[in-house]
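The values are calculated or read from the model by the stated rules, or taken from the named source; none is laboratory data. Source: prediction; values computed, not measured. Neighbour counts are summed over all protein chains in view; Cβ atoms, including those assigned to glycine, are modelled from backbone coordinates with ideal geometry.
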Amino acid sequence: MTAITPLRGLEPTRQQLDNGAVIFAKTSRTTPAVTIHASFEAGTVFEPPERAGLAHFISRTIDRGTTTRTADQIAEDLDSRGVSLSISVNRHLMSLVCTCLAEDVEAMLTLVGDVAMHPTFPEKDVATRRAEIITMIRQDQDNPAAVATEGLMELLYPDHPYGRRPRGTVESVEQTPVSALQAFHRERFSPATLRLAIVGDIEPPRAVAAGARVFGGWRVPAPAPVALPSVTPLATRQQRVVTMMNKAQADIAGGFVTITRSDPSYYAYWLMNTIFGQYSIGGRLGDSIRERQGMAYYVFGSLDANVVPGPLVVRAGVNPANVERALASIDEEMIKMAEAGPTEREMTETRQYLIGSMPRQLETNSGIANFLQMVEFFNLGLDYDLRLPIILQHITRDEVQEAAQRTLDPAREAVVIAGPYDPSAR
């Protein structure tokens, strides 16, 4: 084992076990509780193309029984300690998270380890969850916001894992057998990709020892490497309309392929997106389109720089009569940001906002655990909490404007409109 303990900042202990698993431990005395956050590289990008939604399916069934516990026994073990186990999945990671009393850490780690390492995917429970997932997919198909967002990702990432619907389709879920769940678990769950954060009212030596006792003896092969396809930004504007006349609101999702998280310009993009679509009441978008023009129920921008170039997405919910005006106003704000860049006041206030938000993010055990997982996944270094304010202070106005010029071009945007809107009828 090799241990690294930085001297300042959060001061988490990081220890890598002989089997490749990494354990983070951080003491926080805010409450007499401990958050356990285990993540594996088992997200949606690792699904076979014909098995869209497989990772989400596993996240809904992995806790339905193990080789030593039934689903009822798992539920009873959790309920008896007042603990709920949350399982989530994104493009790259599947995470198992729970918060328990400090006295229950060893027992809860044992349970989390059992669920992660030895699930059985009982046929009856899989069938029940399959029906629930299909219901959720059909609800998404009837939700303009979900239709617009998923349609946008399909336009930005054609034939790419990032463009898949996270829950899959009704057909793909119906055709997924238990053997596919078992195979994906066998192939993707390994100590080589396990990152375990234990944060709260516990000393690091006890936390590391507990994690090592549960996962240290796990010996299964590391997952095979997966090469993700390259991504090419759109060269021309693409627009899709999904008419849903039985709805009251039209939802707009527009966006661009941007950069990877490791790109040195990430921080300029982060500042740019915050000024454009997030700060205060929604950045420039919220101030112009929602507050001053009163055209949108909501409007905001989000940036997801990732392992491959991720999307910058603009979302808005509007009265169907305002779709064209809202689109024109969004385009106008993009052009202004690219041509003139941010003001010095916007730069100062946004830096202060982002720097000031980090201590709030790290106020809770779960917030610290999430932060440590992010730092490890993107290889940012254990002193990242100390370096981040300095990095942001050195980003210039010109760098932010350059990020806008590289990205915010309405002529190369993908746009999806879903709701009671029919352009041919206007």
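Among Thr260, Thr274, which is in contact with a strand residue (DSSP E or B) (Cβ under 7 Å, 6 or more places away or on another chain) and at pLDDT 95 or above?
On the way: Thr274 fails: in contact with a strand residue (DSSP E or B) (Cβ under 7 Å, 6 or more places away or on another chain).
Unique residue meeting the criteria: Thr260.
The rows are residues; the columns are (1) under 27 Å from the mean Cα position of the chain (by Cα); (2) assigned by TED's automatic domain parsing to the domain that holds Gln141; (3) part of a strand (DSSP E or B); (4) modelled with pLDDT of 95 or more.
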| position | (1), (2), (3), (4) |
| --- | --- |
| Pro264 | yes, no, no, yes |
| Ala268 | yes, no, no, yes |
| Gly282 | yes, no, no, no |
| Arg290 | yes, no, no, no |
| Met334 | yes, no, no, yes |
| Glu339 | no, no, no, yes |
- Message: Restricting to the stretch 60-76, and then to whatever is closer than 13 Å to Val126 by Cβ and small (Gly, Ala, Ser), can you tell me which residue is surrounded by the fewest Cβ atoms within 10 Å (Cβ to Cβ)?
- Response: Ala71
- Message: Exactly one condition in (1) under 20 Å from the mean Cα position of the chain (by Cα); (2) assigned to a loop (DSSP other than H, G, I, E, B); (3) polar (S, T, N, Q) is false for Ser84; which is it?
- Response: (1)
- Item | Flag for Ala116 being under 29 Å from Ala33 (Cβ atoms) and either surrounded by fewer than 22 Cβ atoms within 10 Å (Cβ to Cβ) or under 25 Å from the mean Cα position of the chain (by Cα) (or both) | yes
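Here are some residues: Ala183, Ala146. Which one is crowded, with 18+ Cβ neighbours inside 10 Å and without any contact (Cβ under 8 Å) to a residue 40 or more places away in the chain? So that I can check it myself, show each step before the final result.
Working: Ala183 fails: crowded, with 18+ Cβ neighbours inside 10 Å.
Testing whether each residue is crowded, with 18+ Cβ neighbours inside 10 Å and without any contact (Cβ under 8 Å) to a residue 40 or more places away in the chain leaves just Ala146.
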- Note on the structure: Of (1) at positive phi; (2) buried (at least 20 other Cβ atoms within 10 Å of the Cβ), Asp159 satisfies every one except (2)
- Task: Tell me which residues, restricted to the stretch 101-123, are over 11 Å from Gly65 (Cα atoms) and either modelled with pLDDT under 95 or not in a helix (DSSP H, G or I) (or both).
- Result: Leu101
- Message: One residue is enough: does the stretch 279-292 have a residue meeting the conditions among the hydroxyl-bearing types (Ser, Thr, Tyr), touching a residue at least 40 places away in the same chain (Cβ under 8 Å) and in contact with a strand residue (DSSP E or B) (Cβ under 7 Å, 6 or more places away or on another chain)?
- Response: no
- Task: Could you tell me which numbered condition Cys100 fails, if it satisfies all but one of (1) surrounded by fewer than 21 Cβ atoms within 10 Å (Cβ to Cβ); (2) within 26 Å of the chain's Cα centre (by Cα); (3) of a type outside the set (Gly, Ala, Ser)?
- Result: (1)
- The listed residue being at pLDDT below 95, in contact with a helix residue (DSSP H, G or I) (Cβ under 9 Å, 6 or more places away or on another chain) and surrounded by fewer than 21 Cβ atoms within 10 Å (Cβ to Cβ), out of Arg397, Arg426, Arg406: Arg426
- Note on the structure: When Thr232 is run through (1) within 28 Å of Gln139 (Cβ to Cβ); (2) out of contact with any helix residue (DSSP H, G or I) (no Cβ under 8 Å at 6 or more places or on another chain); (3) not charged (D, E, K, R), the failure sits at (1)
- Single residue of Trp270, Trp218 found to be among the aromatic types (Phe, Trp, Tyr) and farther than 30 Å from Val299 by Cβ: Trp218
- Task: Answer with yes or no whether Ile395 is on the phi < 0 side of the Ramachandran plot, touching a residue at least 24 places away in the same chain (Cβ under 8 Å) and not in a loop (DSSP other than H, G, I, E, B).
- Result: no
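For the stretch 211-260, how many residues meet the condition of being surrounded by fewer than 14 Cβ atoms within 10 Å (Cβ to Cβ) and either part of a strand (DSSP E or B) or hydrophobic (A, V, I, L, M, F, W, C) (or both)?
Step one: of the stretch 211-260, the residues surrounded by fewer than 14 Cβ atoms within 10 Å (Cβ to Cβ) are 213, 217, 219-222, 224-227, 229-230, 232, 235-236, 239, 245-246, 248.
Narrowing further to those that are either part of a strand (DSSP E or B) or hydrophobic (A, V, I, L, M, F, W, C) (or both): 220, 222, 224, 226-227, 235, 239, 245, 248.
Qualifying residue count, the stretch 211-260: 9.
Would you be able to tell me the number of residues in the stretch 347-370 that are crowded, with 21+ Cβ neighbours inside 10 Å and either within 30 Å of Ala411 (Cβ to Cβ) or aliphatic (A, V, I, L, M) (or both)?
The first filter runs over the stretch 347-370 and keeps only residues crowded, with 21+ Cβ neighbours inside 10 Å, leaving 350, 365, 368-369.
Then keep just the ones that are either within 30 Å of Ala411 (Cβ to Cβ) or aliphatic (A, V, I, L, M) (or both); that gives 350, 368-369.
Number satisfying all stated conditions: 3.
This table checks each residue for (1) at pLDDT 95 or above; (2) outside the structural domain of Phe276 (by TED's automatic domain parsing); (3) under 21 Å from Ser39 (Cβ atoms).
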{"site": "Ser357", "(1), (2), (3)": "no, no, no"}
{"site": "Gln361", "(1), (2), (3)": "no, no, yes"}
{"site": "Asn365", "(1), (2), (3)": "yes, no, yes"}
{"site": "Leu382", "(1), (2), (3)": "no, no, yes"}
- Note on the structure: With the first residue restricted to the stretch 310-325 and required to be assigned by TED's automatic domain parsing to the domain that holds Lys247 and outside any loop (DSSP other than H, G, I, E, B), and the second required to be of a type in the set (Val, Ile, Thr) and surrounded by fewer than 23 Cβ atoms within 10 Å (Cβ to Cβ), Cβ contacts under 8 Å at 6 or more apart or on different chains are Pro311/Val257; Val313/Thr149; Arg315/Thr149
